[in-house]
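Structure, as structure tokens:
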Amino acid sequence: MLTVDIDTGGTMTDALISEGTQLCSIKVDTTPHDYTVCFGEVLSEAARLTGYRDVREFLEHVKLIRWSSTITSNVLGERRGSKVGLLVTAGHERNLYANGRSFAIDEIVAEHNVVGLSKTAYAHEVLGVVKKLFEDGVRRICVSLQGAFPDNSAEIRVKQIIEDSYPDHYLGAVPVLLGSEMAQVLDDATRTHYSLINAYVHSQLAGSLFKAEDILKHELKWDGPLLVGHANGGVARIGKTKAVDTIESGPVFGMFGGAYMARQYKLDNVLCLDVGGTTAKASVIKNGKPLYRRGGEIIGIPVQTSFALLRTAVVGGGSIARPADDGSIELGPESMGASPGPACYGLGGGEATLTDALLLLGYLDPGNFLGGRRALDVDAATQAIQEKLAMPMRITVERAAGLIRDEAVGIIANLVKTTLAEAGLSAAQTALFAFGGNGPLFGALVASRLNIPHVHVFNLGPIFSAFGSAISDVVHVYERAVGDTKVDDVGVETIVSAVTGLLAQATRDLDAEGFLIAQSRFSVELETVNGTGQLAMINLTDISDINKRLIDGALHSTDPAERPVLVILVRLIARYPVGSFELTKVRPADAGAPRRVAQREILVGLEPTLAAIYAWPDLPLGAPVAGPTVVAGPTLTCLVPPGWQLAMDEFGTGTLSRQTAAGARSPRSKARETMHGL
């Protein structure tokens, strides 16, 4: 049986069709007006490529579909979410329990729609407030009261008052979300912000997911599971998904795909660089695992929960370039997206974009873009850059295109540099994974600036987030704050009680989704603070005997000088395996000479140079090609600059490294010879 993994980005929607190994990959334009359109186009293309008559026949052979996206991230970034009302404890209408005015005010909730309630608010007071919110057009209400976790009885009482007067079967019903149900943590501000964010993005995501599910079940008569990608690297059914769970799920799956590859190639430290049509993302792999951090921000709103170390620069193929006042180039943050797209798409876009520049620099083949499904218009790209940049700046079109490229390299290199610093990694001791539609074009250019020794590009690189989805399981993460619980006879019982409660909740959820408990795996993470005030994590991978001895055994591994150890949060991870993926060899063992398919002028420095063009699928194993070179596949283009070379392995992974000519002396050897007077 087949699995279908779909990743919807801001510009392109990618998919991987698999039965344990890669069958085919797909890229279509994202349709932001209705995400189910590109979802359906993926299924139609999948049916065609796998030889079935139509989508319905194709789906008869599909056991599950996993769908990750940046839908919620885009809604937040573009500020086009639902109109939300918020009820808080009186006195916290502006700070939302944080220090100073909350960034969420007037960003995702209007200040006049944040209302304070007294601790003993009567029903008429609550209903009077709600009536005013309704009259202002509010369609979702959050209730987040001070101190409402673990005892959320006050929030439940307010919710009951609202729902008694506005039943959910009435047309005037408005959903009520409780902060205590969105995030089970002691921090009042985190619960409040989580409920706000969830309410703000819920409608747009739910509309797409439910519509896709209806199409699958009612129009196409498919009864398999549609699983939604979560930011924890797992998937879950729609009914067990909060909108806030899905923020940046697509890029996070790229991070998990990078972790898989890091383990395959036994690389300890990896910086993953995902450059697409709208943004560039940087994330970190340490010891084969994605790096997560406690505490972070969502669009500037601080929340004390666990986040992937995933950083973003708003630059991609569709980024618009303009002259800056100081004579330099401004690139982004505005983007032309997939429609109308860059000028070279020929769909009506007239702005000069990064893709237009890459085309004029010779990196892209105008007749073989997206596997030949779209021809790029060189004249339109030339005209856009001429009018928008070259003429106002009084420079040549080629120079303008080079400046656009250099600005992109600078932005991306800075993103990589700051992410490495945040993770405490040295560039010289870290490998770079470059993927996404534009990652392989920038990998070596960025590595040159930062002294990164090796860049890896992948056969699956253009659909790397879909690949990360293909290796994912059903994952539910449950958290419960336990204050500062000292690990003694009393504290251990508190921890065990929390784990037991979360385990019961996870078991109920998995059973309701139709997943076998016997095949599920459960693990526990305890977030702790030791006697010196340092944060740490204790992992319990076997909870079959979760008791005092097990926890004591884990805690006794700590240095006595660091005690007492206080547990502040219990996290239970429930995992159900739904499929696997294995890399397969795609290159013959015998190495032949690389076969050049063409040559053309490209511009890497200030002067054009004649570059060999090779076909990615035909590049033989173990026969490196030296720059300046462009290696192109149906949906992948890799630039090999002068001084670099690309070698392919049997799995279709290319490694870019600095070129050492046969018989040439390395700089280190030359220095040694000089020292000895040779």
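Out of Ala400, Ala434, which single residue is within 23 Å of Pro634 (Cβ to Cβ), crowded, with 21+ Cβ neighbours inside 10 Å, at pLDDT 95 or above and not aromatic (Phe, Trp, Tyr)?
Details: Ala400 fails: within 23 Å of Pro634 (Cβ to Cβ).
Being within 23 Å of Pro634 (Cβ to Cβ), crowded, with 21+ Cβ neighbours inside 10 Å, at pLDDT 95 or above and not aromatic (Phe, Trp, Tyr) holds for just one of Ala400, Ala434, which is Ala434.
I'd like to verify a number: residues in the stretch 27-81 that are surrounded by fewer than 23 Cβ atoms within 10 Å (Cβ to Cβ) and among the polar types (S, T, N, Q), how many?
Final tally of qualifying residues: 5.
Among (1) at pLDDT below 90; (2) surrounded by fewer than 20 Cβ atoms within 10 Å (Cβ to Cβ); (3) charged (D, E, K, R), there is one condition Arg449 misses while meeting the rest; what is its number?
Result: Arg449 passes all but (1).
What about Gly362, is it of a type outside the set (S, T, N, Q) and either surrounded by 24 or more Cβ atoms within 10 Å (Cβ to Cβ) or closer than 24 Å to Val640 by Cα (or both)?
Values: of a type outside the set (S, T, N, Q): yes; either surrounded by 24 or more Cβ atoms within 10 Å (Cβ to Cβ) or closer than 24 Å to Val640 by Cα (or both): yes.
Yes, satisfied.
Name every residue in the stretch 324-349 that is closer than 18 Å to Thr31 by Cα and out of contact with any Asp or Glu (no Cβ under 7 Å at 6 or more places or on another chain), in order of residue number.
Of everything in the stretch 324-349, those that are closer than 18 Å to Thr31 by Cα and out of contact with any Asp or Glu (no Cβ under 7 Å at 6 or more places or on another chain) turn out to be Glu334, Ser335, Gly337, Pro340, Gly341, Tyr345, Leu347, Gly348, Gly349.
For the stretch 398-408, check the following and say yes or no: at least one residue is closer than 29 Å to Leu16 by Cβ and either of a type in the set (Phe, Trp, Tyr) or touching a residue at least 12 places away in the same chain (Cβ under 8 Å) (or both). Don't jump to the end; show me each part of the working.
Let us first name the residues in the stretch 398-408 that are closer than 29 Å to Leu16 by Cβ, namely 408.
In the following step, the residues that additionally are either of a type in the set (Phe, Trp, Tyr) or touching a residue at least 12 places away in the same chain (Cβ under 8 Å) (or both) were identified as 408.
Yes - at least one qualifying residue is present in the stretch 398-408.
Just give me the residues in the stretch 596-609 being charged (D, E, K, R) and either touching a Gly at 6+ places or on another chain (Cβ under 7 Å) or in a loop (DSSP other than H, G, I, E, B) (or both), in sequence order. If you could, list the steps in order and put the result at the bottom.
Step one: of the stretch 596-609, the residues charged (D, E, K, R) are 596, 600-601, 607.
Matches in the stretch 596-609: Arg600, Glu601, Glu607.
For Leu291, indicate whether it is under 21 Å from Leu441 (Cβ atoms), touching a strand residue (DSSP E or B) at 6+ places or on another chain (Cβ under 6 Å) and crowded, with 19+ Cβ neighbours inside 10 Å.
Values: under 21 Å from Leu441 (Cβ atoms): no; touching a strand residue (DSSP E or B) at 6+ places or on another chain (Cβ under 6 Å): yes; crowded, with 19+ Cβ neighbours inside 10 Å: yes.
For Leu291, the condition - under 21 Å from Leu441 (Cβ atoms), touching a strand residue (DSSP E or B) at 6+ places or on another chain (Cβ under 6 Å) and crowded, with 19+ Cβ neighbours inside 10 Å - is not met.
Quick one: which of Ala282, Ala259 is in a helix (DSSP H, G or I) and either in contact with a Leu (Cβ under 7 Å, 6 or more places away or on another chain) or more than 30 Å from Arg508 (Cα to Cα) (or both)?
Working: Ala282 fails: in a helix (DSSP H, G or I).
When all the criteria are applied, what remains is Ala259.
Within the stretch 498-516, can you find the residues that are among the β-branched types (Val, Ile, Thr) and either within 17 Å of Pro150 (Cβ to Cβ) or not in a helix (DSSP H, G or I) (or both)?
Restricting attention to the stretch 498-516, the residues satisfying the condition of being among the β-branched types (Val, Ile, Thr) are 499-500, 507.
Hits for the stretch 498-516 are Val499, Thr500.
Counting only residues that are aromatic (Phe, Trp, Tyr) and surrounded by 24 or more Cβ atoms within 10 Å (Cβ to Cβ), which one in the stretch 191-225 is farthest from Thr36 (Cα to Cα)? Give the steps one after another, and end with the answer.
From the stretch 191-225, those aromatic (Phe, Trp, Tyr) are 194, 200, 210, 222; that's our starting set.
Right, trim to surrounded by 24 or more Cβ atoms within 10 Å (Cβ to Cβ) and you get 194, 200.
Working: Tyr194: 26, Tyr200: 20 Å.
For the stretch 191-225, the residue satisfying everything is Tyr194.
For Thr278, are the conditions met, namely being more than 14 Å from the chain's Cα centre (by Cα) and either of a type outside the set (Phe, Trp, Tyr) or under 26 Å from Val185 (Cβ atoms) (or both)?
Numbers: more than 14 Å from the chain's Cα centre (by Cα): no; either of a type outside the set (Phe, Trp, Tyr) or under 26 Å from Val185 (Cβ atoms) (or both): yes.
Here the answer is no, as Thr278 does not meet what is asked.
So, of the residues in the stretch 608-663 that are β-branched (Val, Ile, Thr) and closer than 20 Å to Gly436 by Cα, which turns out to be surrounded by the fewest Cβ atoms within 10 Å (Cβ to Cβ)?
Step one: filter the stretch 608-663 for residues β-branched (Val, Ile, Thr), giving 609, 613, 625, 629-631, 635, 637, 640, 653, 655, 660.
So of that shortlist, the ones also closer than 20 Å to Gly436 by Cα come out as 629-631, 635, 637, 640, 653, 655.
Numbers: Thr629: 23, Val630: 24, Val631: 27, Thr635: 19, Thr637: 22, Val640: 27, Thr653: 21, Thr655: 16.
By that ranking, first place goes to Thr655.
Name the strands (runs of 3 or more DSSP E) wholly inside the stretch 610-658 in which the number of residues that are within 20 Å of Arg373 (Cα to Cα) is 2 or more. Steps first, please.
Details: elements: 629-632, 637-640, 644-648, 653-658.
Hits in the stretch 610-658: 629-632, 637-640.
Take the conditions in a loop (DSSP other than H, G, I, E, B), at pLDDT 90 or above, over 32 Å from the mean Cα position of the chain (by Cα) and not polar (S, T, N, Q) and apply them to Glu93. Does it pass?
On the way: in a loop (DSSP other than H, G, I, E, B): yes; at pLDDT 90 or above: yes; over 32 Å from the mean Cα position of the chain (by Cα): yes; not polar (S, T, N, Q): yes.
Yes; evaluated as a whole, the condition is true for this residue.
Which residues, taken from the stretch 126-141, are among the charged types (D, E, K, R) and farther than 13 Å from Lys159 by Cα?
As a first pass, look at the stretch 126-141 and keep what is among the charged types (D, E, K, R): 131-132, 135-136, 139-140.
Listed by number, the residues that qualify are Lys131, Lys132, Glu135, Asp136, Arg139.
Residue by residue through the stretch 371-409, note down the ones that are within 14 Å of Pro342 (Cβ to Cβ) and of a type in the set (S, T, N, Q).
Once the filter is applied, which keeps residues that are within 14 Å of Pro342 (Cβ to Cβ) and of a type in the set (S, T, N, Q), the stretch 371-409 yields Thr382, Gln383.
Which of the residues that make up the stretch 421-469 are touching a helix residue (DSSP H, G or I) at 6+ places or on another chain (Cβ under 6 Å) and more than 30 Å from Thr21 (Cα to Cα)?
Residues satisfying the conditions are Ala427, Leu445, Val446, Arg449, Leu450, Asn451, Ile452.
Can you name every residue in the stretch 510-530 that is buried (at least 16 other Cβ atoms within 10 Å of the Cβ) and either of a type in the set (Gly, Ala, Ser) or within 30 Å of Val565 (Cβ to Cβ) (or both)? Step through it out loud before you land on a result.
Pass one, the stretch 510-530, residues buried (at least 16 other Cβ atoms within 10 Å of the Cβ): 510, 513, 515, 520, 522, 524-530.
Within the stretch 510-530, Ser520, Phe522, Val524, Glu525, Leu526, Glu527, Thr528, Val529, Asn530 qualify.
Please work out if Thr507 is more than 25 Å from Ala470 (Cα to Cα), at pLDDT 70 or above and out of contact with any Lys or Arg (no Cβ under 8 Å at 6 or more places or on another chain). Talk me through it step by step, then tell me what you get.
Working: more than 25 Å from Ala470 (Cα to Cα): no; at pLDDT 70 or above: yes; out of contact with any Lys or Arg (no Cβ under 8 Å at 6 or more places or on another chain): yes.
Considered against the rule, which asks whether it is more than 25 Å from Ala470 (Cα to Cα), at pLDDT 70 or above and out of contact with any Lys or Arg (no Cβ under 8 Å at 6 or more places or on another chain), Thr507 comes out as no.
Could you tell me which residue of the stretch 483-504 is modelled with the lowest pLDDT, considering only residues that are buried (at least 17 other Cβ atoms within 10 Å of the Cβ) and among the small types (Gly, Ala, Ser)?
By that ranking, first place goes to Gly491.
Filter the stretch 300-314 down to residues that are more than 14 Å from the chain's Cα centre (by Cα) and of a type in the set (Val, Ile, Thr) and give me whichever is modelled with the highest pLDDT. If you could, list the steps in order and put the result at the bottom.
Residues of the stretch 300-314 more than 14 Å from the chain's Cα centre (by Cα): 300-306.
Checking the rest, the ones that are also of a type in the set (Val, Ile, Thr) come to 301, 303, 305.
Numbers: Ile301: 82, Val303: 78, Thr305: 75.
Ranking the qualifying residues of the stretch 300-314, first place goes to Ile301.
Which is of a type outside the set (D, E, K, R) and more than 21 Å from Gln22 (Cα to Cα), of Ala280, Ala262? Talk me through it step by step, then tell me what you get.
Working: Ala262 fails: more than 21 Å from Gln22 (Cα to Cα).
Among Ala280, Ala262, only Ala280 is of a type outside the set (D, E, K, R) and more than 21 Å from Gln22 (Cα to Cα).
The values are calculated or read from the model by the stated rules, or taken from the named source; none is laboratory data. Bear in mind the structure is a predicted one, so any value in this text is a computation, not a measurement. Please note: Cβ atoms are built from the backbone with ideal geometry, for glycine as well, and neighbour counts cover all protein chains shown.
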